[in-house]
Amino acid sequence: MSTGTLWTVVLVASVGCYLLKLAGLSVPAAWVEHPVVRRVVEFVPAALLGALVAVQAATSGAQLVVDGRLAGLAVAALALALRAPFVVVLLLAGLTGAAVHWLT
């Protein structure tokens, strides 16, 4: 990809993001305050975060993989279910992932 093409893509994407943000701000307040819309909007961040975590934990390039990341994710989910402090969750997940990677 040439430098000119790259800058064109960056500028077009920037303008597109700005217009998307402007469109969001232009929505009438009555639409945003509708109960169905409010309920959906409350769950969008959690769904996006879950999708990002799943993609990062279970893929490598274009392939599905089972490795230490999934074990770390499972331990983190268990620690969160047991209401462990967030730092403990991170340490347990990291140590589990590293241990599985080291053992395999």
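The values are calculated or read from the model by the stated rules, or taken from the named source; none is laboratory data. Source: prediction; values computed, not measured. Backbone-built Cβ (ideal geometry, glycine too); neighbour counts: all protein chains shown. Just so you know, the surface numbers come from the protein's heavy atoms only, side chains and all, with ligands and any DNA or RNA stripped out. Shrake-Rupley method; radii C 1.70, N 1.55, O 1.52, S 1.80 Å.
Okay, here's what the table says:
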read-out	value
Computed over the chain: relative contact order in percent, which uses C-alpha pairs under 8 Å that are six or more apart	18
Portion, in percent, of the accessible area of the chain that falls on carbon or sulfur, probe 1.4 Å	76
Value of relative contact order over region 63-104, rounded to a whole percent, pairs C-alpha under 8 Å and six or more apart	52
Relative packing of peptides 94-102, 37-45 - highest average C-beta neighbours within 10 Å first	94-102, 37-45
Accessible area per residue in Å² at 1.4 Å probe, computed on the chain	82
Value of [θ]222 nm, deg cm²/dmol, for the chain, DSSP H segments ≥ 4, -39500 (n - 2.57) each, nearest 500	-26500 deg cm²/dmol
Extension gain, Ala51 back to Val65 (0.36 nm per residue minus Cα-Cα distance, nm)	3.5 nm
Residue among Leu91, Pro35, Ala76 farthest towards the positive dipole end of the chain, charges placed on Cβ	Pro35
